[in-house]
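Chemist: Would you mind keeping the following structure in view while I ask a few things?
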Amino acid sequence: MLRLQARKVILVLLVLVFGCGLAVPNLFSPETRKAIEQGAPAWIPRFLLPIHAMTLGLDLQGGSHVLLEIDRADLIRSQVTQLRDDVRRILREERVGLQGGIGMTPRGVQLRVPEAADRAKLMPKLRELAQPIGTFGAFGPSGNQSIEVNENPDGLIQLNVTEAGVNERIRRAVEQAIEVIRRRVDQIGTTEPNIQRQGLDRVLVQVPGLQDPQQLKRILGETAKLQFRMVADQNATDVDMLPSQDQGGQPIPISRQVIVEGEDLIDAQPAFDQRTSQPIVNFRFNIRGAQRFGQATTENLGRQLAIVLDNKVISAPVIQSPITGGSGQISGNFTVQSVNDLAILLRAGALPAKMTIVEERTVGPGLGQDSIQAGKMATIIATVLVILYMIGNYGLFGIIASIALLVHVCLILGLMSLLGATMTLPGIAGIVLTIGTAVDSNVLIYERMREESRMGRSLVSALEAGFQRAFATIIDSNVTMLIAAVALFTLGSGPVRGFAVVFILGILTTVITAVTLTRMLIALWYRWARPKALPF
Amino acid sequence: MRLLRIVPDNTRFRIVHWRRLAYPFSAAYSVLVLVLFLTVGLNFGIDFRGGTLLEMQAKSGKPDIAQVRQTANSFGFGEVEVQEFGSAGELSMRFALQPGGEIAQQGVVTKARATFSEAYEFRRVETVGPRVSGELVQAGTLGVVLAIIGVLVYLWFRFEMQLAIGAIVGTMHDIVLTLGFFLITQLEFNLTSIAAILTIVGYSLNETVVVFDRTRELLRRYKTMPIPELLDLSVNTTLSRTAITSTTTVLALVALVFFGGTAIEGFALVMLFGVVVCTYSAMFVSTPVLLYLDVRAGRLDQSEELAEAKARV
């Protein structure tokens with residue numbers, strides 16, 4: 001083993017230099033890295049450029065981590081309401097009379113149709129409401145239907161949403177919610193938010209460097225379902241009583257017929273009313289919305305138009321003149337902050353269902369800075385202590401172990417940068433812990449050398465035996481640690497995962513540095529010094 | 001240069017013999033842990049209990065703890081724990097899980113922010129709802145169990161079943177003692193604690209595996225040596241390595257305790273305790289367990305042994 005092949009030495013050095021080089025970009029600012037990426041000629045592969053740096057976790061740079069969950073009950077309610085409206089439409093189209101009205105149950109609707117002939121006419125239409133669920137893969141559709149239709153001989157018809165139907169709806173709702181949330185968060189104007197699905201019904205939102213997490217939560221919490229509807233007479237039919245913001249929460253009657261919905265809105269901006277200098281929101285419709293809005297305002301001159309957001313009447317101005325240009329304004333009891341939020345919500349579209357915050361973790365930027373400082377301090381002190389101790393124990397070989405240790409830490413940082421892994425506070429703890437345990441492989445090798453040498457072996461054979469015999473132990477002890485670390489990674493979340501990543505990388509690189517690099521350095525030393533005995 | 005030498009050469013400690021002291025000690029400690037677990041219980045943090053944690057720093061001067069406590073208690077969110085910690089006027093407030101599901105927790109944050117944001121800077125805000133905390137408990141427990149099973153399987157393949165059992169007994173012992181540390185100090189038990197425990201599992205196995213690796217080697221070399229003597233030899237020949245590695249790890253952890261900041265202090269303290277316990281248990285608990293298991297019975301068959309011997313030379 002003490003013979004060195006030039007090829008091998010060069011290869012190992014290249015790997016180590018490249019690996020450590022990967023850590024260098026962390027010294028640059030994001031702007032510098034951007035400039036390097038743009039300034040480099042196109043023929044250089046991207047991975048060779050010093051542009052990949054570690055991401056700092058929210059606990060180090062400050063920011064908010066919010067876990068939202070779709071409100072299942074709310075989603076089922078809206079699904080049942082939609083089902084009722086569909087059934088009502090079919091009844092009207094087919095001109096079928098009912099005995100009593102359409103009853104709502106927790107999971108669906110029921111209606112009584114006494115005439116068998118009517119039922120025969122109605123049933124196929126009702127069954128069309130059900131949609132098959134599941135992917136059309138190699139096994140065909142899964143056979144589940146979104147709605148279950150039952151017909152009793154006594155004329156009772158029941159339509160229920162199925163479990164699979166609800167789940168499918170939740171899946172789609174989460175997808176849509178992610179899009180909406182992304183647009184809303186982008187409006188706040190922070191850098192690189194991370195928005196992803198978690199499990200079936202949750203969305204994780206991570207926004208780094210946010211100064212006011214309350215604003216984020218306000219914006220996430222609203223569903224922002226915007227509708228323009230007419231204020232109705234007190235005794236008109238098809239009326240919802242909705243609370244009005246103008247009149248301090250007093251419910252006022254609003255016609256169920258929707259004139260224009262939020263999806264026809266193409267822009268909304270906060271502004272000030274020039275006459276009253278009150279904060280208002282200016283909005284603009286697309287062609288379809290403008291047409292309907294124009295028609296409705298022409299036909300209903302002098303009546304009140306209600307602007308309904310999430311089933312609350314924001315404002316109900318009297319229509320003074322037809323608004324045909326497709327743009328208008330919402331006024332009401334607003335503050336500057338609330339018109340801002342309202343404009344963002346309107347621009348970003350509606351959430352498909354109510355979402356609840358089930359977990360929130362916010363770290364102020366000041367605390368993050370302090371944590372980085374403390375982490376750096378602890379890492380430096382731990383490294384110095386371990387290096388002094390190793391040199392105290394092994395002299396020259398301690399210096400070799402220390403070189404391996406420093407390269408080892410650089411490799412962890414380099415690999416993390418290459419993978420774009422996130423460095424967290426527990427991750428820093430992981431590095432410090434790795435500094436303590438990384439020398440274990442060296443210690444195993446050195447102690448074995450000493451033992452073999454004491455048993456009377458020549459220096460060369462003691463050195464060789466040290467490496468060969470310790471190798472199996474190093475592998476066994478590191479694999480067992482690796483298993484525990486992988487368990488940590490699989491089941492951990494957030495910062496704990498950050499710790500597991502560092503720990504796993506640390507275990508992998510320790511084998512390379514402690515065995516390969518140490519062996520090479522010791523071989524070099526042997527060739528150069530021609531020693532007669534171990535230096536410790 | 002005179003070099004450090006913690007452990008002299010050729011030690012002949014009767015490690016296995018000392019189980020007569022170690023076993024009653026570990027057993028008594030374990031009983032204490034069980035009693036404390038049933039009476040006092042772990043001091044669960046909001047990760048597992050649900051609730052709200054706020055860390056604030058006074059914008060100027062010293063924070064008035066008594067006044068903050070009084071104001072927070074008057075919110076009507078139940079008894080509020082207010083504590084000073086770290087330095088530079090930092091304090092933490094802990095609200096219990098509010099009845100009324102996930103949404104109810106948000107009211108606490110909103111109220112506290114509105115009340116205190118003038119005089120204090122909010123350094124950390126954490127809110128965990130009841131469902132999430134339940135899931136975190138499950139995931140944490142599952143993690144520890146899976147790690148142990150995974151290691152058991154690996155050791156069973158690489159070593160013999162007897163050695164795998166010895167290692168697992170040692171690891172369980174270390175987990176129990178570490179839980180005891182949480183129970184006695186009433187240090188907060190949270191997600192980071194699970195990370196600490198899993199790391200201790202890894203470290204404990206690491207310590208045991210190094211000794212057992214030597215045991216396996218000696219079993220092959222000295223076919224007739226009595227088992228107690230052989231186990232003593234295993235520990236003694238690896239003793240100086242154990243001492244040096246434990247010391248470096250302790251040095252690194254001490255640096256974390258003193259310089260890592262308040263957020264990491266708990267983790268580092270637990271690990272420090274764990275490293276000491278792991279070193280103790282590898283020598284005095286898991287190795288003597290092998291006395292009661294017939295380690296010679298499960299030897300590799302002849303051909304495998306030959307191949308192994310070849311590979312090692």
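The values are calculated or read from the model by the stated rules, or taken from the named source; none is laboratory data. Since the structure is predicted, the reported quantities are computational estimates derived from the model, not experimental observations. Heads up, the Cβs are rebuilt from the backbone with ideal geometry, glycines too, and the neighbour counts pull from every protein chain shown. The accessibility values were calculated without ligands, DNA or RNA, using every heavy atom of the protein model including side chains. Shrake-Rupley method; radii C 1.70, N 1.55, O 1.52, S 1.80 Å.
Chemist: For helix A:459-491, what angle does its Cα long axis make with the longest principal axis of chain A, in degrees from 0 to 90 and rounded to 10?
Modeler: Once rounded, one gets 10 degrees.
Chemist: How big, on average over all directions, is the shadow cast by the Cα convex hull of region A:239-379, in nm²?
Modeler: On the way: hull surface 50.8 nm².
Spelled out: convex hull of the Cα atoms, projected over all directions, averaged, 12.7 nm².
Chemist: Over the residues of region A:141-278, compute the C-alpha Rg and express it relative to 2.2 N^0.38 Å.
Modeler: Output field value: 1.48.
Chemist: For a paramagnetic label modelled at 7 Å from the Cα of residue B:27 toward its Cβ, which residues of region B:134-170 fall within the zone defined by backbone nitrogen distances under 19 Å?
Modeler: B:166, B:169-170
Chemist: Averaged across the residues of A:362-373, what count of C-beta atoms belonging to other chains lies within 10 Å of each residue's C-beta?
Modeler: On the way: counts 8, 7, 8, 2, 4, 10, 2, 0, 8, 5, 1, 2.
Shielding by partners across A:362-373 averages 5.
Chemist: Please give me the summed charge of the neighbours of residue B:205: other residues whose Cβ is under 12 Å from its Cβ, Lys and Arg +1, Asp and Glu -1.
Modeler: Counting the neighbours of residue B:205, the net charge comes to -3.
Chemist: Hey, could you get me the Stokes-Einstein D for region B:114-254, Kirkwood radius over alpha-carbon pairs, 20 °C and 1.002 mPa s, rounded to whole µm² s⁻¹?
Modeler: Diffusion coefficient, whole number: 117 µm²/s.
Chemist: Based on a Kirkwood Rh over C-alpha pairs, give the Stokes-Einstein translational diffusion coefficient of the protein assembly as shown at 4 °C and viscosity 1.567 mPa s in µm²/s.
Modeler: The diffusion coefficient I find is 41 µm²/s.
Chemist: Compute a Gaussian network model of chain B, connecting alpha carbons closer than 10 Å, and tell me which residue from B:162, B:67, B:105 fluctuates the most.
Modeler: Largest GNM mean-square fluctuation: B:67.
Chemist: Among DSSP beta bridges lying fully in chain A, give the percent that are antiparallel, nearest 5.
Modeler: Restricted to chain A, the bridges split so that about 95 percent are antiparallel.
Chemist: Here's another thing I want to ask about it. Determine which residues of region A:275-314 fall in the zone a paramagnetic label at residue A:74 would reach in this model, i.e. backbone nitrogen under 15 Å from the point 7 Å along Cα→Cβ.
Modeler: Of the residues in region A:275-314, A:309-312 have backbone N under 15 Å from the label point off residue A:74.
Chemist: Below 8 Å between Cα atoms, with a sequence gap of 6+, how large is the relative contact order for chain B in percent? All intermediate terms of the calculation are to be shown ahead of the outcome.
Modeler: Values: 379 pairs, mean separation 77.5, N = 313.
Relative contact order here is 25 percent.
Chemist: What is the gain in length, in nm to one decimal, between residue A:44 and residue A:318 on full extension, counting 0.36 nm per residue of separation less the C-alpha to C-alpha distance?
Modeler: This chain segment gains 92.1 nm when fully extended.
Chemist: How well do other chains shield peptide B:130-142, expressed as the mean number of their Cβ atoms within 10 Å of each residue Cβ? Walk me through the intermediate numbers first.
Modeler: Details: counts 1, 4, 6, 2, 0, 4, 5, 0, 1, 5, 4, 1, 3.
Other-chain Cβ atoms within 10 Å of each residue's Cβ, averaged: 3.
Chemist: Step by step: find N for chain B, compute 2.2 N^0.38 Å, then divide the Cα radius of gyration by it. What's the final number? Please report the intermediate quantities before stating the final value.
Modeler: On the way: Rg = 24.7 Å, N = 313, 2.2 N^0.38 = 19.5 Å.
Scaled against compact globular proteins, the figure is 1.27.
Chemist: Along the charge dipole of region A:196-294, which of A:270, A:209, A:257 sits closest to the positive end, that is, farthest toward it, with unit charges on the beta carbon of Lys, Arg, Asp and Glu (+1, +1, -1, -1)?
Modeler: A:209
Chemist: On to the next question. Would you work out the charge dipole size for chain A about its Cα centre, treating the Cβ of every Lys and Arg as +1 and the Cβ of every Asp and Glu as -1, and quote it to the nearest 20 debye?
Modeler: Dipole of chain A, to the nearest 20 debye: 1860 debye.
Chemist: Still on this structure: Could you tell me what percent of the DSSP beta bridges with both partners in chain B are antiparallel, to the nearest 5?
Modeler: 95 percent
Chemist: Say the dipole of chain B comes from +1 at the beta carbon of Lys and Arg and -1 at that of Asp and Glu; which of B:239, B:166, B:208 then lies farthest toward its positive end?
Modeler: Farthest towards the positive end: B:239.
Chemist: As a test of the definition: which semi-axes, in Å, follow for region A:404-536 when you take the square root of five times each eigenvalue of its alpha carbon gyration tensor? Largest first, please.
Modeler: For region A:404-536, the ellipsoid semi-axes come out as 33, 15, 10 Å.
Chemist: Using only Cα atoms, what Kirkwood radius does region B:61-140 have, in angstroms?
Modeler: The Cα-based Kirkwood calculation yields 13.8 Å.
Chemist: Residue separation times 0.36 nm, minus the C-alpha to C-alpha distance between residue A:287 and residue A:301: what's the value?
Modeler: Here the answer is 2.9 nm.
Chemist: So, one more: Find which of B:106, A:306, A:123 sits farthest along the positive direction of the dipole of the protein assembly as shown, computed with +1 on the beta-carbon of Lys and Arg, -1 on that of Asp and Glu, about the Cα centre.
Modeler: B:106
Chemist: With +1 on each Lys and Arg Cβ and -1 on each Asp and Glu Cβ, and nothing else charged, work out how big the dipole of region A:165-254 is about its Cα centre, in Debye to the nearest 20.
Modeler: Numbers: 12 positive and 12 negative charges, 76 e Å.
That gives region A:165-254 a dipole magnitude of about 360 debye.
Chemist: Separate question: Any idea what the dipole of region B:172-220 comes to, in debye rounded to 20, about its Cα centre with Lys/Arg Cβ at +1 and Asp/Glu Cβ at -1? Show your work: numbers first, answer last.
Modeler: Working: 3 positive and 5 negative charges, 41 e Å.
So the magnitude is around 200 debye.
Chemist: At 0.36 nm per residue, and after removing the present C-alpha to C-alpha distance, how many nm does the segment from residue A:261 to residue A:34 gain when stretched out fully?
Modeler: 77.5 nm
Chemist: Between residue A:200 and residue A:277, how many nm apart are label points set 7 Å from Cα along the C-beta direction?
Modeler: In this crude spin-label approximation the distance works out to 5.6 nm.
Chemist: Have a look at region A:1-48 and give its Rg and Dmax from the Cα atoms, expressed in angstrom.
Modeler: Expressed in Å, the Cα Rg and Dmax of region A:1-48 come to 15.5, 47.
Chemist: Taking amide H atoms as placed 1.01 Å from N in the peptide plane, list the residues 5 or more away in sequence, or in a different chain, whose amide H sits under 5 Å from that of residue B:124.
Modeler: Answer set, sorted by chain and number: A:364, B:55.
Chemist: Right, here's the next one. Restricted to Cα positions, what overall size does region B:1-83 have along the principal axes? Three whole-Å values, descending.
Modeler: 67, 47, 21
Chemist: Right, something else. At 7 Å along the Cα-to-beta-carbon direction for both residue A:533 and residue A:338, put a label point, then send me their distance in nm to one decimal.
Modeler: So the label points at residue A:533 and residue A:338 sit 8.7 nm apart.
Chemist: If you take the accessible area of B alone plus A alone and subtract the pair, what total do you get in square angstrom, rounded to 100, with a 1.4 Å probe?
Modeler: For chain B against chain A, roughly 6300 Å² becomes buried.
Chemist: Something else: From the helices alone, meaning DSSP H stretches of at least four residues, give me the mean residue ellipticity at 222 nm for chain A, per-run term -39500 (n - 2.57), in deg cm²/dmol to the nearest 500.
Modeler: On the way: 15 runs with 272 residues, N = 536.
Calculated from helices alone, the mean residue ellipticity at 222 nm is -17000 deg cm²/dmol.
Chemist: While we're here: In the protein assembly as shown, what cysteines have no partner Cβ closer than 4.7 Å?
Modeler: Within the protein assembly as shown, the cysteines lacking a partner Cβ under 4.7 Å are B:278.
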